[in-house]
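Here is the structure we will look at.
No lab work stands behind these numbers, since they all come straight from the coordinates. In this text, all values refer to a predicted model and were calculated from it rather than measured experimentally. Counting neighbours? That spans all protein chains shown, and the Cβs are built from the backbone with ideal geometry, glycine included.
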Amino acid sequence: MPSTNCSVAMTFINSPWLRFALGYTTFLPILSMISLILTSRKLRMTVHIDRPFKVYLFFCYGVLSSQNCCFIVLHTTLLLQYTFWPFCEVQLPRWFCYGIRFTGALSLSCLIYMNVAITLFRLIVFLNPGIASRRQEMLIGILGMLAISSSFAEAFYKYNAFDFSGTVTYCSANQSGIFSKLNIFAYVLFCIEISVVSGGLILRNLYQKEMKQRKSYDVNTGLSLRQIAHTFQIFLPFSITHSSFFLCWLLFSVFYRLFYGSFPDDVYYSFSLILYAPIYFSVLAPWLLFSIVKRAEMVTISKTSNLLAREADATNLYFQMNDEVWGNGKGRKMSVTSFRTKVLLKISRNHKVDGEK
């Protein structure tokens, strides 16, 4: 191996920043996987999410899981290589180094495209509310596959200049040659996310107006739209948080690339890992979804308790009025059956009196 490659690689071996970044970005995906596992059952079993939105969350959980697996495998391997293995003797295949890193980075664009998919789904259902539930699930599934395919097509356009054959001594995946492409797609994704957020807010208002105008006897269609509108409403904080998170990251990534060359390669690469926002989102998002569902369930329990208390009050008031009308005067001691029997006897006596007259 040429000594130049080893001399360049040694800057990464001796960098405390890089070892910290690799250890830190290995721990976060593991924490994210634990969060995904602990929250998945609650989201799958809750009745506060319509089934198409559960399919959407299934895709999102799959994207985040693939990102976490890629980062865990790659960063653990690099951490071991930089710490324990004879560095200039152990080489990594390019396809392993670059392929896994770029696949893990797909989550940024894929989640934005998934937001486009769920917004298009809600628009289609709003325009055609008679779509059956099973067809709704098929529709969101098709849109989700298109979203994932779009992210792969974007990745192919951005990274097709990389050579994936052969081996490398270190795996920094220097992307300075494609900064222009990365910046262009950052602006494109920024505009897409703004459009999705604006369209989503408009759709939410349209759904609310439709619910007020929908006839009560149109049960099947009304329940379907109401469930979608309910999910839309309670997960609005998650949508806003998701959009704000990624919009800030897209602008920051463009700004951060301006400093390429101002820092040593190991420092620049280390902070690229530490500041990679989708890793933090993958840790926070499952618990944000969990808290939204938990809060919706607590609100439902509270409303149900209030209704039961009001029903009990109404029942007590009913029997009190019954005592006053029929002159029982002993409080609520009659059962419903006794009350009906007394009413029937009263009616029969009245009929007898009228017959005698």
Stokes-Einstein D (µm²/s) once Rh is taken as the Kirkwood radius of region 3-292 over alpha-carbon pairs, at 10 °C in 1.306 mPa s | 77 µm²/s
Stretched out fully, how many nm does the piece from Ser165 to Arg134 gain, at 0.36 nm a residue minus the Cα gap?
-> 6.7 nm
How do Met33, Met145 rank when sorted from fewest to most other Cβ atoms within 10 Å of their own Cβ?
-> Met145, Met33
Could you put Ser149, Ser107 in order, starting from the residue whose Cβ has the fewest other Cβ atoms within 10 Å?
-> Ser149, Ser107
Stick to the Cα atoms of region 75-160, pair each with every other, and give me the Kirkwood hydrodynamic radius in Å at one decimal.
-> 15.8 Å
Region 102-215: radius of gyration and largest Cα-Cα distance (Dmax), Å = 18.9, 68
What number comes out for the charge environment of Gly199, summing +1 per Lys or Arg and -1 per Asp or Glu over other residues with Cβ under 13 Å away?
-> +1
Considering only Gly99, Ser244, Tyr187, whose Cα is most displaced toward the positive end of the charge dipole of region 3-292, charges sitting on Cβ of Lys, Arg (+1) and Asp, Glu (-1)?
-> Ser244
Taking R0 as 25 Å, what's the FRET efficiency between Cys248 and Leu31 from their Cβ-Cβ distance, rounded to 0.05?
-> 0.70
With each label point set 7 Å from Cα along the Cα-Cβ vector, what nm distance links Thr300 and Ile124?
-> 2.7 nm
Which order do Thr77, Thr304 fall in if you start with the one that has the fewest other Cβ atoms within 10 Å?
-> Thr304, Thr77
How big is the gap, in Å, between the Cα center of region 177-196 and the Cα center of region 278-319?
-> 39 Å
Which listed pairs, of Lys54/Lys212; Lys54/Lys209; Lys42/Lys303; Lys42/Lys209, have C-alpha distances above 27 Å, in listed order | Lys42/Lys209
Collect residues whose amide H, placed 1.01 Å from N in the peptide plane, falls under 5 Å from the amide H of Thr167; neighbours closer than 5 in sequence don't count.
-> Arg94
